[in-house]
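**Student:** Following this message is one structure expressed as structure tokens.
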Amino acid sequence: MARVLERVAAGDATGATAEMRSSGLETSEAEAYSDLVARPPDLPDAESRLRAAQNALEAPAPAGDPVQERAEIKRILSLRRYAGNQPSAWDRFWNWVGNRIVDWLSSLNLPAGAFVIPTWIWLALLVAALAIAAVGVALIAGLSRRSRRRRGAAALAIEPARMVRERFQEADRLSAAGDWNGAVRALAEAVATRLSGEPWWATSPQTLRELFRQAGRLDSLRQLLLAFETVVYGRRSIDEAGYRAAEAAAAAIRAQPPSQEVAA
């Protein structure tokens with residue numbers, strides 16, 4: 001920088017330009033370099049810029065307050081956008097445990113190499129840890145599957161006759177509240193369960209139309225089927241007249257004694 005300034009002060013723009021290129025200043029001080037290569041060169045502006053850069057380089061860096069700087073770092077790291085980068089409470093706990101173990105071992109003043117463990121032991125411990133983890137995962141998965149099977153068995157163990165009664169009562173309650181769509185769903189489930197002899201909505205792969213056809217009730221239950229398909233498949237609402245027609249179609253099935261749930 002000093003040699004470049006000497007050339008500039010002497011009015012030697014060409015020499016100053018060469019000095020800047022040789023020292024790499026043409027990139028860091030691009031404005032001053034542009035002044036020197038201009039035609040005619042702007043030597044006063046180039047000298048001003050170069051002296052300002054030299055003064056900045058020679059000035060001592062301001063000493064900050066370490067306490068204030070640490071507080072500012074903590075404040076920045078506590079911002080919400082950095083929350084995901086913080087170690088979890090579990091990680092902090094294990095870090096604390098590890099530090100306490102290291103402190104305890106350090107306090108024993110044991111000779112160097114006292115706790116050097118062969119590599120094969122570390123590998124064996126790793127294999128054992130992986131095996132334990134695999135067993136734990138298998139046990140958890142098995143318990144989860146058994147829990148799901150128990151819940152499914154409980155759902156299938158519901159007495160069909162009670163299911164029929166509850167769904168007919170639900171249909172009455174919803175229709176009294178003016179919820180015709182919900183009422184026709186409950187009514188269809190009650191009829192389907194009575195015809196199939198099992199909780200139809202939970203177990204049967206058949207559609208309502210297939211069930212009615214198989215039971216030989218397709219024509220007599222057509223109004224119920226059409227109302228159900230309008231609500232479930234067509235995603236449209238029915239009015240009171242539509243529900244009452246479905247209710248009338250289901251009346252014969254509803255009056256059927258529970259002992260005759262399964263239709264021939």
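The values are calculated or read from the model by the stated rules, or taken from the named source; none is laboratory data. Bear in mind that the values here come from a model prediction, so they are computed numbers and not experimental data. With ideal geometry, Cβ positions are generated from the backbone for all residues, glycine too; neighbour counts draw on all protein chains shown.
**Student:** If you scan the range 18-36, which residues turn out to be in a helix (DSSP H, G or I) and surrounded by 20 or more Cβ atoms within 10 Å (Cβ to Cβ)?
**Tutor:** Start the filter on the range 18-36 by keeping residues that are in a helix (DSSP H, G or I), which leaves 18-23, 25-28, 30-36.
Glu19, Met20, Ala32, Tyr33, Asp35, Leu36 - these are the residues of the range 18-36 that are in a helix (DSSP H, G or I) and surrounded by 20 or more Cβ atoms within 10 Å (Cβ to Cβ).
**Student:** Could you tell me which of the residues Arg100, Arg185 is closer than 30 Å to Ala245 by Cβ and at pLDDT 75 or above?
**Tutor:** The conditions single out Arg185.
**Student:** Would you mind finding the one in Arg92, Arg70 that is over 30 Å from Glu6 (Cβ atoms) and either modelled with pLDDT under 80 or not in a helix (DSSP H, G or I) (or both)?
**Tutor:** Details: Arg70 fails: either modelled with pLDDT under 80 or not in a helix (DSSP H, G or I) (or both).
So the residue among Arg92, Arg70 that is over 30 Å from Glu6 (Cβ atoms) and either modelled with pLDDT under 80 or not in a helix (DSSP H, G or I) (or both) is Arg92.
**Student:** On to the next question. If I ask for residues that are among the charged types (D, E, K, R) and either in a helix (DSSP H, G or I) or under 19 Å from Ala56 (Cβ atoms) (or both), which ones from the range 1-17 would you list?
**Tutor:** Those that are among the charged types (D, E, K, R) and either in a helix (DSSP H, G or I) or under 19 Å from Ala56 (Cβ atoms) (or both): Arg3, Glu6, Arg7.
**Student:** Here is a further query. The conditions are (1) surrounded by 10 or more Cβ atoms within 10 Å (Cβ to Cβ); (2) assigned to a loop (DSSP other than H, G, I, E, B), and Arg39 fails exactly one of them. Which is it?
**Tutor:** Going through (1) surrounded by 10 or more Cβ atoms within 10 Å (Cβ to Cβ); (2) assigned to a loop (DSSP other than H, G, I, E, B) one by one, Arg39 breaks only (1).
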